[in-house]
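The values are calculated or read from the model by the stated rules, or taken from the named source; none is laboratory data. Here the structure is a predicted model, which means the values were calculated and not measured. Every residue, glycine as well, gets a Cβ built from its backbone with ideal geometry; the counts of neighbours run over all protein chains shown. These accessible areas exclude ligands, DNA and RNA; they are computed on the full protein's heavy atoms, side chains included. Shrake-Rupley method; radii C 1.70, N 1.55, O 1.52, S 1.80 Å.
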Amino acid sequence: MKINTLIIGSGAAGLAAAVQLNALGQQSLALFTEGLHCGTSINTGSDKQTYYKLSLSGKHPDSPDLMAEDLYQCGSMHGDLALVEAATSAVTFANLIRLGVQFPHDLYGRYTGYQTDHDLRGRASSCGPYTSRDMCLAMIKELKLREIPVFEDRVAISLLCAGEGNQKRCVGAVFINRNTGELEYVFARNVIFAVGGPGGLYADSVYPLGHTGAIGLALEAGARARSLPESQFGLASLKFRWNVSGSYMQVLPRFVSCDVSGGDEREFLREYFPADGELCDAIFLKGYQWPFSCSHLPGSSLIDLFVYRETRERKRRVFLDYRQNPAGFDWEQLAPESRQYLQNSNATGSTPLERLKQLNAPAIALYRDHNIDLATEMLEIAVCAQHNNG
Ligand SMILES: Cc1cc2nc3c(=O)[nH]c(=O)nc-3n(C[C@H](O)[C@H](O)[C@H](O)COP(=O)(O)OP(=O)(O)OC[C@H]3O[C@@H](n4cnc5c(N)ncnc54)[C@H](O)[C@@H]3O)c2cc1C
């Protein structure tokens, strides 16, 4: 096959490229993918999965330059990429709205945002736990409406290149057709390589099962990588891969560790936070702050480091227990920030589970849907890879 533009991968990035190029008039394009329901975007989410764009509400002025500076200053992002991401973020957001993605807006049409760590302009927006899935489903619908050719069950195994040195270009790819086992060659003037993060690299990961990524193909073809060793880690459950950020922490579960056979249970965080109140505040902040900026370390990452030590260095298993409060739990000992947040959210139940029911009931249902009952069992967790900046 010979076409103008070959898109490899059908996550949020590949789908957006296909839909926008077609909307701009490019007819000669095709999308090759393992499957429209594979990859990270359509299979993951979190407590409140967040979409970043230029601020479109509030009183803080914003611009692509200001947003790019914020992204760049965090220290793990190439400046050119930060600027492109910032500059195109509002247009891309508008495209998603046009396709029917339900980002929240007020009566006057303002797309309200909220602040996260290292962003004071309220650039964050969310459709709930499944923002990226909603985006993908809307774009897949559009892909079909526009009759853009999609080839599923195709696994890219090699990139085709022409030229030498600085003139070397990618001119296509070789795929295995999973249905027939045959090789297929696609030649293209432009190749958009949207295969997602390298989920297969990590031992403990919250990338969806089966998503390995394919960055190795680009490296093998001679592409130079940036920021590849920089990954973002967070706490996630293991039996069902899901982030336990946000409200999962704010309701103050008990952190328990035990030996590999399930014996010798102990609340290991007490070792680091002996005073009452301190431990609960640290757990609360873990769900309240997002450690995007290296300058905020250790901050909310402290708990991650202690869990890492427990699992990797001491070879123990770590669990969250929503049935009982952490040792030394006392409303009066909590910092005003934690106490007020929980009180304002009416999450003042007597156990972590009751507070989670009050703060975010779907968070409990989600685990129940995956055969994990937080009312009767503890949730095994680890420090898991979640993003790669390469
Ligand atoms: C638990 C979790 C929570 C997250 N929360 C947030 C958040 O709140 N905000 C945020 O901005 N980001 C978040 N992210 C990151 C975000 O989800 C990803 O950066 C984004 O979805 C990646 O989109 P993508 O299109 O690049 O890749 P993917 O969605 O992974 O798509 C890759 C595509 O390429 C295909 N593919 C891979 N290899 C091959 C091959 N060899 N041949 C053919 N096809 C191939 C895959 O099947 C898939 O279709 C989170 C990630 C995780 C894991």
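Give the relative contact order (percent, whole number) for the chain; include only Cα pairs under 8 Å separated by 6+ residues. Averaging sequence separation for qualifying contacts and normalising by length gives 19 percent for the chain. The residues of the range 231-388 present an accessible area of 46 Å² per residue when probed at 1.4 Å with all protein chains retained. From Cα pairs below 8 angstrom and at least 6 apart in sequence, can you work out the relative contact order of the range 125-275, rounded to a whole percent? Rounded, it is 11 percent for the range 125-275.
Charges were assigned to the Cβ only: +1 to each Lys and Arg, -1 to each Asp and Glu. The resulting dipole of the range 231-388 about its Cα centre is roughly 440 debye. Relative to the Cα centre, the charge distribution of the chain, modelled as +1 at Lys and Arg Cβ and -1 at Asp and Glu Cβ, gives a dipole magnitude of about 940 debye. A Förster radius of 25 Å combined with the Cβ-Cβ distance from V84 to K59 puts the calculated FRET efficiency at roughly 0.40. Here the label points at E354 and R169, each 7 Å from Cα along the C-beta direction, are separated by 6.7 nm in the simple model. Per residue, the accessible area of the range 51-127 comes to 56 Å², computed with a 1.4 Å probe over protein heavy atoms only. Most tightly packed first, judged by the mean number of other beta-carbon atoms within 10 Å of their residues, the peptides 243-250, 323-330 read 243-250, 323-330. Structure shown: which of K144/K286; K239/K357; K53/K239; K144/K168; K2/K144; K2/K53 lie over 31 Å apart, alpha-carbon to alpha-carbon? Long pairs (Cα-Cα over 31 Å): K144/K286; K53/K239; K144/K168; K2/K53. Within the accessible area of the chain, the carbon and sulfur atoms contribute 52%, probe 1.4 Å, all protein chains present. Note on the range 51-127: Cα convex hull, mean projected area over all directions, 5.1 nm². Taking the square roots of 5 times each eigenvalue of the Cα gyration tensor of the chain, largest first, gives ellipsoid semi-axes of 40, 25, 20 Å.
Taking the helices alone, the chain has a mean residue ellipticity at 222 nm of -8500 deg cm²/dmol, built from -39,500 (n - 2.57) per DSSP H run of at least 4 residues and averaged over all its residues.
A simple spin-label model places pseudo-atoms 7 Å from Cα toward Cβ; at H387 and R226 they are separated by 1.5 nm.
Modelled spin-label separation between L66 and R98, with each label point placed 7 Å from Cα along the Cα-to-Cβ direction: 2.6 nm. For the range 302-319, 3J(HN,Hα) computed residue by residue from phi via the Karplus equation (6.51, -1.76, 1.60; θ = phi - 60°) reads 3, 4, 4, 5, 5, 5, 4, 4, 5, 7, 8, 8, 8, 6, 10, 9, 10, 10 Hz, glycine and proline entered as x.
For the range 51-127, averaging the sequence separation of C-alpha pairs within contact (under 8 Å, six or more residues apart) and dividing by the residue count gives a relative contact order of 41 percent.
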